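S.K.: For reference, the structure I am asking about is given below.
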Amino acid sequence: MAGAAHCSLQAKRLLLDPRFEGYKLSLEPLACYQLGLDAAVAEVQLRDDQYTLDHMRAFGMYNYLHLDSWYQDNVYYVDQFGRVMNLSVTLDTALQKPREVFRLPADLTACDNRLCASMHFSSSTWVTLSDGTGRLYLIKSGKRGSSASEKWEIVFNEELGSPFIVAHSVSFLKSDAHSLAVLLLRVEKDELDTKGSGFHVTLEWVTVAERKEGDHRYEIIKRRVLQGKSVPHYAAIEPSGDGLMIVSHKPFTFMQSESDKLEENDDAKVSNEKKDPLYYWQQTEDDVTITVHLPQDITKDDIKIRFSPDNICVTLKDQTPLMEGNLYSSVDHESCTWIIREDKSLEISLIKKNEGCRWPELIIGDTRGEFIMDPSQCSEIAESLMHLTSEVMNPNPEKENPPCNAQELEECDAFLEDGASLCRFDGDTLKVTHIINLGSNPYLFSVVVNPKEMPCFCLRHDVDALLWQPHSDQPENMWEHIATFNALGYVQASKQDKKFMACAPDYSYAALCECLRRVFIYRQPTPLATVLYNRKEGRQVGQVAKQLVATLEANDPILGFQATSERLFVLTTKTLFLIKVNSGN
C-alpha cells in the first residue's frame, strides 16, 4: 500500500444537526401485512466446523431476502425446494402470493458442505445466482417484476471450486462486448495459520464476457483472488468494472499467480539495476522544482514539455515521454517554466494553485523520482510535532482536563474494530490506489440508492450515522456524504439483539430489527402541526423525529430484512411481513 493515496471522508456540515434533540416514541399504528409461504426459506445452518466469528458474519447473519433495486418494491428469496420466489408489490391491500420465477437445476440437499443460495441483480435484465454448492449461474431475466415479460434463462453456468456466496456483481460494456464482473466470498481453511482462527477469507473477482464469435455464449476471461483475515463489511465492484472497493477490519491483498510472480521478479531485477532516480524534486509552500540530468547530446531544441493544470509531459528527441502523468495537485500551468542549467541538467518550475498544500508525491503512482527535503522544512516539521511528545510518561498528572479519561466512555463508545479501513483497488495493477482509515467510524450497513451507482455505506460518526455514496469516476469527490441519520450511531449501539439494519433509498427513515419479532423505525425530523416549546432552552421546537416500534406476530427468527421508500420487508422461515412506513405519492 506504499503508493496508495491516504484520503479522508469530508462530512457536509449542512447535513449535520448539532441541535438534534432525540427521537420521540410515537404510538401511531403501522399497517402490517403478512403472507404465509408455500415452502420454508432455504436456510442453511452453520456446521460444527464453521465455528469462527467470520463464519457467523458471512453465513450465520446472511440476509436471505434480496431487494431488486432496479424495480420498485420487488423482493426475492430461495425456498427449500430450490425455487427462486418473487413478490412484487403495487397495492398493499391486494397482495399476491410469492410466485416462482426460476428453479435451481441441481439437488441442493445432495451437497454436504453447501452454503446458502445467494443472488445479486447485476442490471435491470441480468441476475447473478449461486446455488451454494460452488456453481455460478448468469441469468438473463428480461424485465423483472411483471409476470408477462419476466423469464429467467441460464446464459452461463460453471463449477468454480469450493462453495461461495455472491457478494456483488455488475454488468457493463467493454470493447463493445457485454461483460459481467462478480465477487465471490469464501471462508477457507488456512493450514499455515497456527496462531489465529485457522481460516482465511477470499474474495474472487470473476469477469465473464460474451464470446467474439457472435454466438451469444459467455466465457470466463479473468479470475483474480484477494485474501484477508476478516469478512469484509462491504465489497463492491465499480460500475465500469475497472476497480473494487472494500471496507474491512483487516486488509486484503491480491494473491499472485506463478506467472505474475515471475514477471514481478524480472521487474525487480530491472529496477535493482536502475538505482539512480530518474529525477529529483523539491517543494516550498508556493512551488515545486524538478531537476532532471540530461544526456550529453541533448540540446534545447530536443526538449518538449507540455504543462496542463493537472498533468505534465516531458519528452526528449521525440522519444517515449521521460516523465508523464497526473500531478498530485493542480498547478498554474501558464506560469510554469523550464531552463537548462550550466551543469547540463533540466530544471522545471511548477507554481502550485493551492498554496501551502504539501505534496506527498509529484506524479501520482510514479516512484522513479526522489524527494529532497530542505533542512529548514525538516526542523519545521519536527517543531510542529514537538507538542505531541514528552520525555516523561505522564508529565502533568494533575492537569485539570486530561486529554482522555477512559472512565467517561460509555460501553457503546468502545470501538472493537479500530483497525477498519476503506480501500480502493485498481483492476489492472491490482494495487491499492486509495485508503481511508475508519478507526473511529465503525461500519453500520449498506444500501443501494441508485442501482447504476455503487452501493452506499453508512458509518457511525460520533453519535450520528452518515451515509456515503462512492463515485468511482470522480477522483476529487470519490466518497460523497449524501445523508445523515441523527443520533442513529448512538441509538443502534444500545440494541444488543440487533440483526439487520437498513434505510430507505430516499433517506426518509432508517430501521433495524432484532433476531426475533421487534422492528425499530427512526424517521427523519418532520415539521410539527402544533407548536412545541423547549422550556430548558427557552425556544420553540419546529420539528420532531419519531421512533416507531413494530412487533411481528411470529415465533420464527428473522432471516431477511429490506427497506424501500414506502415499505419494510421482513422475512422469517415461513412468513413474509410487509410494514407500510410511508404513504405513496
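S.K.: Grab the eigenvalues of the alpha-carbon gyration tensor for segment 279-367, scale each by 5, take roots, and send me the semi-axes largest first in whole angstrom.
M.R.: Values for segment 279-367, descending: 22, 13, 12 Å.
S.K.: Please report the accessible area of T194 (heavy atoms, 1.4 Å probe, ligands and nucleic acids excluded) in Å², nearest 10.
M.R.: T194 has an accessible surface of roughly 120 Å² with all protein chains in place.
S.K.: Also, I was wondering about something else. Count the lysine pairs in segment 279-367 whose Cα atoms lie under 20 Å apart, taking only pairs 8 or more positions apart in sequence or on different chains.
M.R.: Here the count comes out as 5.
S.K.: Give me the three principal axis extents of segment 420-460 from the C-alpha atoms, as integers in angstrom, largest value leading.
M.R.: Projected onto its principal axes, the Cα set of segment 420-460 covers 30, 29, 9 Å.
S.K.: Separate question: All other residues with a Cβ under 9 Å from the Cβ of L548 taken together, and with Lys, Arg as +1 and Asp, Glu as -1, what is their net charge?
M.R.: Computed value for this residue: +1.
S.K.: If you don't mind, another one. In bins 10 Å wide, starting from 0, what share of all Cα pairs of the chain does each bin hold, as a percent?
M.R.: In order of increasing distance, the bins hold 3, 14, 22, 23, 18, 12, 7, 2, 0 percent.
S.K.: If Lys and Arg each add +1 and Asp and Glu each add -1, what is the summed charge of the other residues whose beta carbon sits under 13 Å from the beta carbon of W205?
M.R.: Combined, the nearby Lys, Arg, Asp and Glu give -1.
S.K.: Set the bar at 24 Å for Cα to Cα. Now go through K12/K250; K195/K250; K24/K97; K195/K229 and name every pair that lies beyond it.
M.R.: Long pairs (Cα-Cα over 24 Å): K12/K250; K24/K97.
S.K.: If each residue of separation counts as 0.36 nm, what is the full-extension length gain between S162 and E213 once their alpha-carbon separation is subtracted?
M.R.: Result for the pair: 15.3 nm of gain on full extension.
S.K.: State the answer as a single residue: which of L362, A487, I381 lies farthest towards the positive end of the charge dipole of the chain, with beta carbon charges of +1 for Lys and Arg and -1 for Asp and Glu, about the Cα centre.
M.R.: A487
S.K.: Could I ask something else about it? If one takes the longest principal axis of the Cα atoms in the chain, at what angle in degrees, from 0 to 90 and to the nearest 10, does the Cα axis of helix 375-385 lie?
M.R.: Tilt of helix 375-385: around 30 degrees.
S.K.: Could I ask something else about it? For I221, I312, give me the order by solvent-accessible area with a 1.4 Å probe, most accessible first, ignoring ligands, DNA and RNA.
M.R.: Largest accessible area first, the list is I221, I312.
S.K.: At 7 Å along Cα-to-Cβ for each site, give me the label-to-label distance between Q72 and K353 in nm.
M.R.: 4.1
S.K.: Suppose every Lys and Arg Cβ carries +1 and every Asp and Glu Cβ carries -1, with no other charges. What dipole size does segment 279-367 come out with about its Cα centre, to the nearest 20 debye?
M.R.: The calculated dipole for segment 279-367 is roughly 100 debye.
S.K.: Now for a different question. Enter the accessible area per residue of the chain (Å², integer; probe 1.4 Å; all protein chains in place).
M.R.: On a per-residue basis, the chain sits at 54 Å².
S.K.: Leaving ligands, DNA and RNA out of it, rank D92, D49 by accessible area with a 1.4 Å probe, largest first.
M.R.: Descending accessible area places them as D49, D92.
S.K.: To continue, here is another question. Under 5 Å between amide H atoms, partner at least 5 residues away or on a different chain: which partners does G142 have, H built in plane at 1.01 Å?
M.R.: When sequence neighbours closer than 5 places are left aside, the close amide H contacts are K151.
S.K.: Return the carbon/sulfur percentage of the accessible area of segment 279-367, one whole number, probe 1.4 Å, all protein chains in place.
M.R.: That share works out to 44 percent.
S.K.: So how exposed is L385, as accessible area in Å² (1.4 Å probe, rounded to 10)?
M.R.: Approximately 90 Å² of L385 is accessible to the 1.4 Å probe.
S.K.: If you take every residue apart from K452 with its C-beta less than 13 Å away from the C-beta of K452, what net charge results, scoring Lys and Arg +1 and Asp and Glu -1?
M.R.: Spelling it out: positives minus negatives among the neighbours equals -3.
S.K.: Taking Cα atoms, how many degrees apart are the long axis of helix 258-273 and the longest axis of the chain, rounded to 10 and kept between 0 and 90?
M.R.: Helix 258-273 sits roughly 20 degrees off the main axis of the chain.
S.K.: Follow-up question, since we're still on this one. Counting other Cβ atoms within 10 Å of each Cβ, which trypsin sites (Lys or Arg not before Pro) in segment 2-46 have at most 10 and sit in a DSSP loop?
M.R.: Qualifying residues, ordered by number: R19.
S.K.: In addition: Which value, in Å² and to the nearest 10, is the accessible area of Y443 when all protein chains are kept and the probe is 1.4 Å?
M.R.: 50
S.K.: Related question: With +1 on each Lys and Arg Cβ and -1 on each Asp and Glu Cβ, how big is the dipole of the chain about its Cα centre, in debye rounded to the nearest 20?
M.R.: In debye, rounded to 20, the chain gives about 2380.
S.K.: Then there's this: For a quick check: with amide H placed at 1.01 Å from N, whose amide H comes under 5 Å from G132's, ignoring anything fewer than 5 positions away on the same chain?
M.R.: Result for G132 returns S118, F164.
The values are calculated or read from the model by the stated rules, or taken from the named source; none is laboratory data. Predicted model, so just to flag it, every value in this text is computed and none were measured. Cβ: placed from backbone, ideal geometry, glycine included. Neighbour counts: every protein chain shown. For the accessible areas, the whole protein counts, side chains as well, though only heavy atoms, and no ligand, DNA or RNA atoms are used. Shrake-Rupley method; radii C 1.70, N 1.55, O 1.52, S 1.80 Å.
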